[in-house]
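The structure appears below as structure tokens.
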Amino acid sequence: MVKRKSDVLGDGRSIQPPSRIRKMETQPATTTIELSPKEAQLKDLLLDAARFIDESSNIQEPVVLRWAGGWVRDKLLGIASHDIDTAINVMTGEAFALKLCELCERSDTIKKHGIAESDVGNLHKIARNPEKSKHLETTTIKLFGYDVDFVNLRKETYTEDSRNPQMEFGTAEEDALRRDATINALFYNLNTGKVEDFTTGLTDMKSRLIRTPLEPFQTFTDDPLRVLRLVRFASRLEFTIDPAVEKVMGDGRVLDALRLKISRERVGIEIEKMLRGNHPRKSLEYINNLGLYHTIFTDPSKPDIPTPDITNWRSVYECLDSLRKNKTPGSIYDILVRSDEAAYYAWILAALCPWESVETPPHTRKGKAPPPFGTLAVREGIKAPNKLCDLVTAAHHNRREIVDLMIAVSSNAPFIKERDRFGMAIRNWDASKAGHWRLQILYALLVEASGAGVKDSASNHEFVHRWQQLLDHLQELDVMEAPSLKRLIDGTQLAKALCIKPGKWMARALDVCVAWQLRNPESTNPAGAIEEVQSRRAELEIPEK
């Protein structure tokens, strides 16, 4: 029935924890919740496993199981969740899960709980990984469609220079107090069928308030990553962060600890979760208001890196949010943001707009020029993948040309009917490693939004209208798919027509052919393109036959 991976699990199967079990000092506030049929089925199975252990093992006190944290919070909010963390009072998660699997292999258990073959998945152990906020190993298994993690209740003790705590078995109260927010410190006690609150979680849930279980300064200096986690929860759940907590989140000592203790990969994971969520604008607003920008979007390895001016940054993320909310067929957001990935990239670009105000120093040395500051900020600040870094670089380098074409269209410049001019520009923007030419236009728009001209509704309407004009014009010219335009002639055919071997001239000559093709969209014969290449032979530095 249960497919176990013993090579992954190892041999740590001791049931009894290494230290004495402490009793709870505080009686929690309680409430009740109604379980779904599947949740009730899972609860009954786990309680049978606890009784099985009580009867078959030599332990000091009965096993008590609690569902913890996010599942309890989401259940109280009416949000569906398929991830359930199960906290155990007297044994490790691995030891409990192995006993559970042993029980699930018995025919009477299978019959009693109606366990189908697909109801129980593989058993895995997730190793301790402090860099990814896994301070204690957990054991996970798929049960009745839920991803169920098992871990013992624990107490954490931190040192000043690390966010990786010393772990030991603890009480439910100690486990609650170590958590990042009171709303994440709730338990559902499977044995009693009640929600337990050892902090102020239930009250804060009703007030839609984010607070820390312990004094905020201790909570954040113990683990500064909690600053970003609270921003994520507040924006995702549309809760308010307690003003006293907000004050400490922006404390210079906390920000220093965030730089010192937290890996940039972990910072990046939190930022990605925020900006892929339902309320990315709110996340950036918190980052702005709490003074977190210069701690997140920077290159921490370069203490002398300039500091961008974020005075007008608010207008950038509010502009993007307005475009998103007002999306209609053919609107700016509809044309430029065409996938979930593009939406995430759009918010990253919005976050990096302040760096455009920092002048890039001239490159005077030999070799490749260093990347723009915005690329450094996203690459080193949040450890963004190469494809995203490439997009930031391309958006920076192509921004001026994009703005110039927008101005040309809005002022009805004489050349705006030249289909090849616009089509080739789009192809060049898209030809970088990053692609995403549409997002590069969005970046140029957002950088302009940070300018002093967009301050009221009238100027905002005019601003949006100019960019909408550009996109409407590109559609009118029918160049939106220019990057995927199939050439009428390839390099081999062109070299043969010119009776010459291919060389360095080929790329420019093929661009001439594509430009001709854009000017002559109805043509299926490349003769005219070849003729133009012939006429520009000297300019293209094509050698004689």
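Residue 509 falls short on exactly one of the conditions (1) among the small types (Gly, Ala, Ser); (2) in contact with a Lys or Arg (Cβ under 9 Å, 6 or more places away or on another chain); (3) under 27 Å from residue 374 (Cβ atoms), and that condition is (3). Annotation: of all residues in the stretch 134-158 being under 18 Å from residue 170 (Cβ atoms) and in a loop (DSSP other than H, G, I, E, B), the one that is modelled with the highest pLDDT is 153. Among the residues of the stretch 228-263, the ones that are among the charged types (D, E, K, R), more than 22 Å from the chain's Cα centre (by Cα) and part of a helix (DSSP H, G or I) come to 4 in all.
Apart from one condition, residue 185 fits all of (1) at pLDDT 95 or above; (2) of a type in the set (Gly, Ala, Ser); (3) within 24 Å of residue 45 (Cβ to Cβ); the exception is (3). Checked against the criteria, residue 489 counts as open to solvent by less than 20 Å² (accessible area, probe 1.4 Å), under 30 Å from residue 538 (Cα atoms) and in a loop (DSSP other than H, G, I, E, B).
Put simply, of 368, 383 the only residue that is more than 16 Å from the chain's Cα centre (by Cα), basic (Lys, Arg) and over 15 Å from residue 347 (Cα atoms) is 368.
In the stretch 488-504, the residues that are closer than 12 Å to residue 529 by Cα and modelled with pLDDT of 90 or more form Cβ pairs under 8 Å with partners that are β-branched (Val, Ile, Thr) and open to solvent by 40 Å² or more (accessible area, probe 1.4 Å), at six or more places apart or across chains, as follows: 488/524.
Just for the stretch 207-227: of the residues that are outside any helix (DSSP H, G or I) and over 23 Å from residue 172 (Cβ atoms), which one is most open to solvent (accessible area, probe 1.4 Å)? If you could, list the steps in order and put the result at the bottom.
At the first step, the residues of the stretch 207-227 found to be outside any helix (DSSP H, G or I) are 208-215, 223-224.
Restricting the remaining residues to those that are over 23 Å from residue 172 (Cβ atoms) gives 208, 224.
Working: 208: 100, 224: 0 Å².
Filtering the stretch 207-227 for residues that are outside any helix (DSSP H, G or I) and over 23 Å from residue 172 (Cβ atoms), the one most open to solvent (accessible area, probe 1.4 Å) comes out as 208.
Can you find even one residue in the stretch 74-88 that is open to solvent by less than 30 Å² (accessible area, probe 1.4 Å), at pLDDT below 95 and of a type in the set (Val, Ile, Thr)? So far as the stretch 74-88 goes, no, none of its residues is open to solvent by less than 30 Å² (accessible area, probe 1.4 Å), at pLDDT below 95 and of a type in the set (Val, Ile, Thr).
Residue 462 meets the conditions (1) open to solvent by 70 Å² or more (accessible area, probe 1.4 Å); (2) farther than 26 Å from residue 438 by Cβ; (3) without any contact (Cβ under 8 Å) to a residue 12 or more places away in the chain in every case but one. The failed one is (2). Would you say residue 507 is surrounded by fewer than 14 Cβ atoms within 10 Å (Cβ to Cβ) and among the hydrophobic types (A, V, I, L, M, F, W, C)? The answer is yes for residue 507. Would a scan of the stretch 301-314 turn up a residue that is open to solvent by less than 50 Å² (accessible area, probe 1.4 Å), in contact with a Pro (Cβ under 8 Å, 6 or more places away or on another chain), aliphatic (A, V, I, L, M) and part of a loop (DSSP other than H, G, I, E, B)? Looking through the stretch 301-314, at least one residue is open to solvent by less than 50 Å² (accessible area, probe 1.4 Å), in contact with a Pro (Cβ under 8 Å, 6 or more places away or on another chain), aliphatic (A, V, I, L, M) and part of a loop (DSSP other than H, G, I, E, B). Looking across the stretch 340-395, the residues that are under 16 Å from residue 305 (Cβ atoms) and among the acidic types (Asp, Glu) come down to 356, 359, 380. The lone criterion from (1) surrounded by 24 or more Cβ atoms within 10 Å (Cβ to Cβ); (2) closer than 19 Å to residue 79 by Cβ; (3) more than 26 Å from the chain's Cα centre (by Cα); (4) not hydrophobic (A, V, I, L, M, F, W, C) left unmet by residue 199 is number (2). Candidates 55, 102: the one that is over 17 Å from residue 143 (Cβ atoms), not in a loop (DSSP other than H, G, I, E, B) and not β-branched (Val, Ile, Thr) is 55.
Candidates are the residues of the stretch 334-344 that are part of a helix (DSSP H, G or I) and open to solvent by less than 20 Å² (accessible area, probe 1.4 Å); the one that is farthest from residue 472 (Cα to Cα) is 344.
The values are calculated or read from the model by the stated rules, or taken from the named source; none is laboratory data. If you're wondering where the values come from, they're calculated on a predicted model, not measured in any experiment. Glycine also receives a Cβ, built like all others from the backbone with ideal geometry; neighbour counts cover every protein chain displayed. Surface accessibility is based on the protein's heavy atoms, side chains included, excluding ligands, DNA and RNA. Shrake-Rupley method; radii C 1.70, N 1.55, O 1.52, S 1.80 Å.
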